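First the structure, in the form of structure tokens, and then the observations on it.
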Amino acid sequence: MTRLDRYLFRQLGIGLLAVTVGLAALVWLTQSLRFIELVLDRGLSLAVFVELTGLLLPSFFAVILPITTFVVILFSYIRLNGDRELVVMRAAGLSDWQLSRPALLLATLATATCLFLQLWLVPVSHAAFRAWQFEIRNEMAAILVQEGVFSSLGDELTVYARRREADGTLRGILVHDTREAGAPVTIMAEEGRLVATPNGPRVILLNGVRQQMDPAHENRPARLSVLTFAENSVDLASSSRSQVDGARNRDSRERFVGELLQPDPAENLPERDIRKFRAEGHQRLASPFTALAFAMVGLATALSSGFRRHGDWRPGAIGVALVVTLLAIGLSIGNLAARDNAFIPLIWIHALGPCLISAWVLTGRPGMPRR
């Protein structure tokens, strides 16, 4: 690299690092608020909360890095043009391709980083996040039952214990269970014990009353049934059917690209999920190249605008409009490909097409009539 290349690369690199880290921190802060109830309602420490939500950062970086690469390159070159630095460089005999070399190198590094994130780090971190989240909400349910507090274990199960002994025995227990649609159950017991089972924790209830509201039928209205028991048990491991299913079936973000493109037949996945996984696999492979594509769009927009004495707002507006349009088109193509895999080639056209068009513009638009 020449001294000029190093000068441009240093400015672009520092700007990209600052913008990417700042935007990722902002996104992490807003998204982590969804899990604040794990700290407030379930008594988890702040360190566990930070570690849990920190596992989401690789997916944030994979999404925002192409966008921040475009923003930094576009506005850095617009600033260089406004400060007349590009005028001096062009007067020294540098072509648009020579001026683009530091930005293309930075975009290549961003593309390689996105490939590493999408192909390995994102599925690994998301799998760890879901496993930890499931353990907190289910396997740790017994630990999270607090004395004198109505503890919500999921959205459909609430447990209250008046007192908790040192040996784990619960006194004065109330359980409200709405996991069965239309038939809520309320259980009150004098005492109970928490036991660990292969399927998760259960609470054994002693000397209590079970009240269940039976749904109405055609020939009779809804009625309340009351059962007195000496011993009963309630499963605390699974607060809803969706969580049970989520423990057995991994979603697309937990799978590597090979698993997405060729799902295991032993899983007996429905055809709709197989189509979705294949489209997700191609998107996982193609999306890193959008960092290079967006960077070239920014270069083509900034370097083809020319110099204006009083500044020019049009290159920035045009570049942002182009990338926003590409992002919207990418979302539409992803949805189409998930429904019908015949549209998968559009994913690659969307990722690589802007590179070819931008390269044509940087070359001087050969074949176009000159004014």
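The values are calculated or read from the model by the stated rules, or taken from the named source; none is laboratory data. These numbers were taken from a predicted model, which means no experiment stands behind them. Cβ sites come from the backbone with ideal geometry, for glycine too, and all protein chains shown count toward neighbours. To get the accessible areas, we keep the full protein, side chains included, count just its heavy atoms, and leave off ligands, DNA and RNA. Shrake-Rupley method; radii C 1.70, N 1.55, O 1.52, S 1.80 Å.
Across the range 164-175, what is the total count of residues that are within 14 Å of V234 (Cα to Cα) and surrounded by fewer than 17 Cβ atoms within 10 Å (Cβ to Cβ)?
To start, the set of residues in the range 164-175 that are within 14 Å of V234 (Cα to Cα) comprises 170, 173-175.
Filter once more, so that each one left must be surrounded by fewer than 17 Cβ atoms within 10 Å (Cβ to Cβ): 174.
So the count comes out to 1.
Which residues, counting only those in the range 88-111, are open to solvent by 60 Å² or more (accessible area, probe 1.4 Å) and either in contact with a Phe, Trp or Tyr (Cβ under 8 Å, 6 or more places away or on another chain) or touching a residue at least 12 places away in the same chain (Cβ under 8 Å) (or both)?
W97, R101, L105, T108 - these are the residues of the range 88-111 that are open to solvent by 60 Å² or more (accessible area, probe 1.4 Å) and either in contact with a Phe, Trp or Tyr (Cβ under 8 Å, 6 or more places away or on another chain) or touching a residue at least 12 places away in the same chain (Cβ under 8 Å) (or both).
Each row is one residue, and each column tells you yes or no for (1) in a strand (DSSP E or B); (2) over 23 Å from S151 (Cα atoms); (3) modelled with pLDDT under 90.
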| residue | (1), (2), (3) |
| --- | --- |
| G182 | no, no, yes |
| L194 | yes, no, yes |
| N219 | no, yes, yes |
| L269 | no, yes, yes |
| I274 | no, yes, no |
| R278 | no, yes, no |
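Among the residues in the range 292-301, are any of a type in the set (F, W, Y), touching a residue at least 60 places away in the same chain (Cβ under 8 Å), touching a Pro at 6+ places or on another chain (Cβ under 6 Å) and under 24 Å from L105 (Cα atoms)? Steps first, answer last, please.
Step one: list which residues in the range 292-301 are of a type in the set (F, W, Y), which gives 294.
Going one step further and asking which of them are touching a residue at least 60 places away in the same chain (Cβ under 8 Å), we end up with 294.
From what's left, touching a Pro at 6+ places or on another chain (Cβ under 6 Å): 294.
Of the ones still in play, those that are also under 24 Å from L105 (Cα atoms) are 294.
Yes, the range 292-301 has at least one match.
Please verify whether the range 351-360 includes one or more residues that are over 30 Å from the mean Cα position of the chain (by Cα), within 29 Å of S100 (Cα to Cα), free of Cβ contacts under 8 Å to residues at least 12 places away in the same chain and assigned to a loop (DSSP other than H, G, I, E, B).
No, the range 351-360 has no match at all.
Just a yes or no: is a residue in the range 34-46 at pLDDT below 95, over 30 Å from D5 (Cβ atoms), open to solvent by less than 30 Å² (accessible area, probe 1.4 Å) and not in a helix (DSSP H, G or I)? Break it down stepwise before answering.
From the range 34-46, those at pLDDT below 95 are 34-46; that's our starting set.
Among the residues that remain, those that are also over 30 Å from D5 (Cβ atoms) are: 34-46.
Then drop every residue that is not open to solvent by less than 30 Å² (accessible area, probe 1.4 Å), which leaves 35, 38, 42, 44.
Then drop every residue that is not not in a helix (DSSP H, G or I), which leaves 42, 44.
Yes, because at least one residue in the range 34-46 is at pLDDT below 95, over 30 Å from D5 (Cβ atoms), open to solvent by less than 30 Å² (accessible area, probe 1.4 Å) and not in a helix (DSSP H, G or I).
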